[in-house]
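Accompanying notes for the structure given below.
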Amino acid sequence: MMPAKKDPAMLKRLDLRARISALEATLLQLPQQEIEIRHQFSGGMYARSMLAPAGALIVGGIYKKAHYVVLAFGRVTVITETEGEQHIKAPAMWAAPIGTKRVIQVFEDTLWTTIVATTALTPEDAMADVIAKSFEDLEAVWSQ
């Protein structure tokens, strides 16, 4: 019996995922920078905005839901396992798929807003509804 062929694209995605997770673990060992976060709820939507200062390096959560991102001002480089490395200058808006976890390197003070559907009414409940604790937890969401 021949072993299954390894999909190069999937191997690249898994390598990026592992590298992002390793970076996050390293960054969590360092002093954390305070980043201003604002929350808004309206009509089943949750908008989470962050004012990220130039020089910040941010690793985000794993999204259980598709969502939109709006870059109102600023300039960043974003790395995800699905899109690789992207250089983005505001103004910009894009849709992001389920399973997105990103590294954001901030080059100019940036206003970044994520908009996602949820019935939650508090930031804590919204985050629990839209962010997976791990990729294994995300797989459980997909299998439902």
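The values are calculated or read from the model by the stated rules, or taken from the named source; none is laboratory data. Quantities reported herein were computed from a predicted structural model and do not represent experimental measurements. Virtual Cβ from ideal backbone geometry, glycine too; neighbours counted across all protein chains shown. To get the accessible areas, we keep the full protein, side chains included, count just its heavy atoms, and leave off ligands, DNA and RNA. Shrake-Rupley method; radii C 1.70, N 1.55, O 1.52, S 1.80 Å.
At a glance:
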| quantity | calculated |
| --- | --- |
| Lone unmet requirement of (1) more than 30 Å from PRO8 (Cβ to Cβ); (2) of a type outside the set (A, V, I, L, M, F, W, C); (3) part of a loop (DSSP other than H, G, I, E, B); (4) touching a residue at least 60 places away in the same chain (Cβ under 8 Å) for GLN32 | (4) |
| Qualifying positions in the stretch 117-137 - crowded, with 19+ Cβ neighbours inside 10 Å and under 12 Å from the mean Cα position of the chain (by Cα) | VAL130, ALA132 |
| Any hit, the stretch 101-114, residues being of a type outside the set (D, E, K, R), open to solvent by 70 Å² or more (accessible area, probe 1.4 Å) and in contact with a Leu (Cβ under 8 Å, 6 or more places away or on another chain) | yes |
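Conditions tested, residue by residue: (1) over 12 Å from THR113 (Cα atoms); (2) surrounded by 14 or more Cβ atoms within 10 Å (Cβ to Cβ); (3) under 10 Å from the mean Cα position of the chain (by Cα); (4) of a type outside the set (D, E, K, R).
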site	(1), (2), (3), (4)
GLY60	yes, yes, yes, yes
ALA72	no, yes, no, yes
VAL76	yes, yes, no, yes
GLN86	yes, no, no, yes
